[in-house]
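Computed from the coordinates by the stated procedures, all read-outs in this text should not be read as laboratory data. Quick caveat, the model's predicted, so the values are computed rather than measured. Every residue, glycine among them, receives a Cβ derived from its backbone with ideal geometry; neighbour counts consider all protein chains shown.
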Amino acid sequence: MMSVAKLSLTVPPLLSRYHVDRADELRADETALDAAWATAKVLRIDPRGRFDLDGTDLAFARGHEVAPARPADAVLLGRVDGAIVFALRVEKFDGADLRMRGHLLSPVDSALLGQALGILNWHATAGFSPVDGAPTVPGKAGWVRATADGREEFPRTDGAMITLVHDGGDHILLGRQHQWPERLFSLFAGFVEPGESLEQCVARELHEEAGIEVDEITYVASQPWPFPRSLMLGFTARASRDAALDFRDGEIAEAQWFSRLQVRDALAAGDWSTDAPDAPLLLPNSISIARAIVEAWAAGPS
């Protein structure tokens, strides 16, 4: 097998393109937060992660339109162009979904939305202390939860690897999960387990999901992924095209080696969120780091 040069992304993944000023100095300043609420921008998100759009932009309400005073569960996202921005969980409504509409958003909006979904998803499962089951309440503008006796719990982020498997040449291995429609393929991914490095996670997951052994495991880039609150760490790894595939853990329905030309054609045809009935291969849209990694590989020399 040949070796290949380290893969570099031409642009960061969509959810990693803008760094929000999180205004952390305000998180413990209740007076400043209360004063900012009336004119602050509020991103409302329902329990399914749905949100409002104004065309292709996030639709924000002003604080005074949402509630006369700052709700205890409003989360401070930060400051954008001088405006304070909060996120707030609201009742179920018909709105857009990040997976299907997120690729239409600007880097600023996608960063705010990714942050909001991740922290609100943590709040949805952190109502009780994991130590003794005592109820917790939000504090510090939504960036901590505490029990009545003052024990604090902080937001959790789960590390997960996502890997482009190549043969050292012009082919990559892509997999399709059972719940995905036919022709929809992507990179292999899985969560890091206690006691293993990221590289060990890559090797283990590929052995479990596809039954293959890999080498030349190389880090590429990372991206927040708020489903529910993960950090995707992108890698490449090399495997032999002659290796027998064995879907050991049952997550993968099928996997195939695709040529660089096939991948380029698929990228040109559209993505999962578009209607491309004649395309033999569909790839994730730009909301996922998977597409950014595949695009970088496809742009390489044949």
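Structure notes:
- Computed from backbone phi with θ = phi - 60° and the Karplus coefficients 6.51, -1.76 and 1.60, the 3J(HN,Hα) list for the stretch 63-75 is x, 5, 7, 8, 7, x, 9, 4, x, 5, 9, 6, 10 Hz; x is used for glycine and proline.
- Under the combined filter of DSSP loop state and at most 15 neighbouring Cβ atoms within 10 Å, the stretch 210-259 retains these trypsin sites (Lys or Arg not before Pro): Arg241, Arg248.
- Seen against the Cα atoms of the chain and their longest principal axis, helix 289-298 is set at about 30 degrees.
- Amide H partners (placed H, <5 Å) of Ile84, local residues excluded: Lys41
- Computed 3J(HN,Hα) for the stretch 27-42, one whole-Hz value per residue from the Karplus formula 6.51 cos²θ - 1.76 cosθ + 1.60 where θ = phi - 60°, is 4, 9, 9, 4, 5, 5, 5, 5, 5, 7, 4, 4, 9, 5, 8, 10, glycine and proline marked x.
- Taking the longest Cα principal axis of the chain as reference, the axis of helix 107-125 is set at about 70 degrees.
- Once you divide the Cα radius of gyration of the chain by 2.2 N^0.38 Å, the number left is 1.10.
- Taking amide H as placed 1.01 Å from N in the peptide plane, the amide H of Leu164 sits under 5 Å from that of Phe235, Thr236, Ala237, each at least 5 places away or on another chain.
- Here the Karplus relation 6.51 cos²θ - 1.76 cosθ + 1.60, evaluated at θ = phi - 60°, turns the backbone of the stretch 162-172 into coupling constants of 9, 10, 8, 9, 10, 9, x, x, 10, 9, 10 Hz, with x for every Gly and Pro.
- Nearest 10 degrees, 0 to 90: helix 260-269 Cα axis against the chain principal axis: 40
- When you restrict to C-alpha pairs under 8 Å that are six or more residues apart and normalise by the size of the stretch 157-298, the relative contact order lands at 29 percent.
- For Ser222, distant residues with modelled amide H under 5 Å away: Gly234
- The stretch 19-125, relative contact order [Cα under 8 Å, separation at least 6], %: 32
- Candidates Leu26, Leu113, Phe60 compared by Cα position along the dipole of the stretch 19-125: farthest toward the positive end lies Leu113, with charges placed on Cβ.
- Between Val137, Val294, His178, the Cα set farthest toward the positive side of the dipole of the chain (charges on each charged residue's Cβ, about the Cα centre) is that of Val137.
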